[in-house]
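Inspection log for the structure reproduced underneath, given as structure tokens.
The values are calculated or read from the model by the stated rules, or taken from the named source; none is laboratory data. Small disclaimer: the values here were computed from a predicted structure and weren't measured. Don't worry about glycine lacking a Cβ; one is built from the backbone with ideal geometry, like all the others, and counts go over all protein chains shown. With ligands, DNA and RNA removed, areas are computed over all heavy atoms of the protein, side chains included. Shrake-Rupley method; radii C 1.70, N 1.55, O 1.52, S 1.80 Å.
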Amino acid sequence: YFCNEFFKQFYRPYDKSVNLESTKLLIDNHCQIIAEGAVSYLEYGFFDFNDHLIGLLTLDGIDLVSKKAELLFGLFTPGLGIRSGVGEAILLALIQVFNRLGFHKLCANVYSYNPRAIKSIADIGFKAEGVLRQHLFIKNKGYVDVHVFGLLLADVKECRAIRLYQKRCLGYIAF
């Protein structure tokens, strides 16, 4: 989901991983801290081979009572997609959120000027829940609509793309 330079300022780096196994460990460790109530977010950065931040995955506003959080996902370089390891990180986050933390729902907000992101979020099982009309003012874009999406555990289990991808990526079916 392409984002601009604006989002880079919000990244708070943690340990970097070098492969899928170390990514699993980092996300697992951070989810343990979340389960203990010590933090209410998870952040994971994507770096290129030159150690430049190229994107991020964030679960924010984690609510342990209502068992929900907001997914924020951004690539600063358009066109990277799943081939860059981003798909694996999203899948690992979904596994942790729904299986380990027992969450009920993930939410995602997508700006109307990003139709690629709207399609991508729907492709991984998120359901459209509404549109917040002229909800945000963004410099050089004016007021923009925000599309609100939700993902329940039942949606994850029904999503063919997730089922196929988790078997190929992880070697097993997690949901």
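Convex hull volume of the C-alpha atoms in the stretch 101-156, normalised per residue: 81 Å³.
A DSSP coil position with no more than 12 other Cβ atoms inside 10 Å describes the following trypsin sites (Lys or Arg not before Pro) in the stretch 102-175: K139, K141.
Computed on protein heavy atoms with a 1.4 Å probe, the accessible areas place H30, H147, H135 in the order H135, H147, H30, largest first. The lysines within cross-link reach of K24, meaning a Cα-to-Cα straight distance under 20 Å and a gap of 8 or more places when in the same chain, are K16, K167.
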